[in-house]
1. Please provide three numbers in whole Å: the alpha-carbon extents of the range 168-287 along the principal axes, with the largest listed first.
2. Charges on Cβ only, +1 for Lys and Arg, -1 for Asp and Glu, centred on the Cα centroid of the chain; of L235, I182, F58, which one is farthest towards the dipole's positive end?
3. With the convex hull built on the Cα atoms of the range 187-235, state its orientation-averaged projected area in nm².
4. Using a Gaussian network model of the chain whose springs link C-alpha atoms within less than 10 Å, name the residue from P154, P15, P105 with the highest mean-square fluctuation.
5. Just to be sure I understand: of the beta bridges DSSP finds with both ends in the chain, what percent are antiparallel, rounded to 5?
6. When every alpha-carbon pair in the range 20-130 is counted, what percent end up more than 23 Å apart?
7. Sum -39500 (n - 2.57) across every DSSP H segment of at least 4 residues in the chain, then divide by the residue count to get the 222 nm mean residue ellipticity, nearest 500.
8. Can you give me the P(r) profile for the range 101-229? Cα pairs, bins 10 angstrom wide beginning at 0, each as a whole percent.
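The values are calculated or read from the model by the stated rules, or taken from the named source; none is laboratory data. What you see is a predicted model, and the numbers here were worked out from it, not measured in a lab. Because the Cβ atoms are built from the backbone with ideal geometry, glycine has one as well, and the counts that use them run over all protein chains shown. Ligands, DNA and RNA are excluded from the accessible area calculation, which covers all protein heavy atoms including side chains. Shrake-Rupley method; radii C 1.70, N 1.55, O 1.52, S 1.80 Å.
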Amino acid sequence: METLFSGVATAIITPFQNGKTDFDSLEQLLEIQKRGGITTLVVAGTTGEAPALTYEEFQDLCAFVRTHWKGTLIAGCGANCTARAVELAELAKGSGADALLAVTPYYNKATREGLAAHYRALAALGLPVIVYHVPSRTGYRLSMEDFRALAEIPGICGVKECSGDLSFLQALALNFSDRWGIWTGNDDAIRAAMRLGADGVISVASNLIPSEIRALTALSEERDLPGAVERSASLYNVLLPKIQSLFWEVNPVPVKYVAFLKGICRLEYRLPLTEPSPETKEKLKALWKE
């Protein structure tokens with residue numbers, strides 16, 4: 001299967017105003033992504049506060065972005081209930097999404113057979129499916145044997161790998177890169193992950209610094225060219241403090257606060273997410289000041 005994208009996909013935030021989706025701010029965010037050279041977006045992922053969206057909000061979000069975005073559009077449809085995940089996937093497909101991002105079932109988890117059945121149900125809709133592996137949020141760490149079972153399912157096109165285990169990412173790339181895209185979900189691991197075979201990143205930081213994250217992935221991809229490794233290392237060292245700051249509190253709390261500081265959106269979250277602590281706010285202001 002042809003790789004869905006390489007380089008950067010931005011996992012965009014979902015702006016709110018008075019409890020509703022703020023489409024004006026979202027349109028501004030999309031323009032920032034276009035100017036930054038981003039060609040792939042993920043809507044309704046973790047960074048987009050997907051668990052707090054209603055079905056109607058999810059559908060309206062996908063449809064709005066599809067109308068204003070001509071690049072590749074990936075929609076999050078993760079749920080621990082397969083029927084809910086399929087319903088979200090159907091809404092995403094009907095709204096024009098190009099692919100789906102589906103987290104492994106959490107809380108009730110699944111056996112290997114149940115996991116495969118979950119993803120078969122999603123793949124049956126006909127859109128490419130990215131498996132989202134994030135054990136820190138799901139409490140469910142997949143084994144290489146689990147991924148081999150998933151590899152038997154037509155329609156799975158890749159893995160968003162967020163276990164934090166680079167040796168596991170390397171094993172995924174060695175075993176599955178001939179048929180799947182392999183993307184890290186950790187901005188601080190971009191250089192290392194791409195050196196180990198990843199195709200790029202599904203990024204939080206590119207909400208704010210899209211051109212810089214795009215440049216970092218490009219240099220990491222071109223590592224065999226003269227000077228590319230040195231330039232990527234230099235850029236990475238400059239960006240790393242800002243990247244790390246976006247995870248001082250649970251994502252997307254810091255990235256949304258910095259977007260607010262930059263005038264991109266209002267400072268509004270869906271509970272149980274709340275504003276950063278006063279200490280975190282001050283540190284973010286100092287680091288991200290223009």
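1. Answer, in whole Å and largest first: 44, 30, 21 Å.
2. My answer, from the dipole projection, is L235.
3. In nm², the orientation-averaged hull projection of the range 187-235 is 3.1.
4. Result for the chain, Cα springs under 10 Å: P154 fluctuates most.
5. In the chain, approximately 5 percent of DSSP beta bridges are antiparallel ones.
6. 26 percent
7. Result for the chain: -13500 deg cm²/dmol, rounded to the nearest 500.
8. So the P(r) values, bin by bin, are 13, 42, 32, 12, 2.
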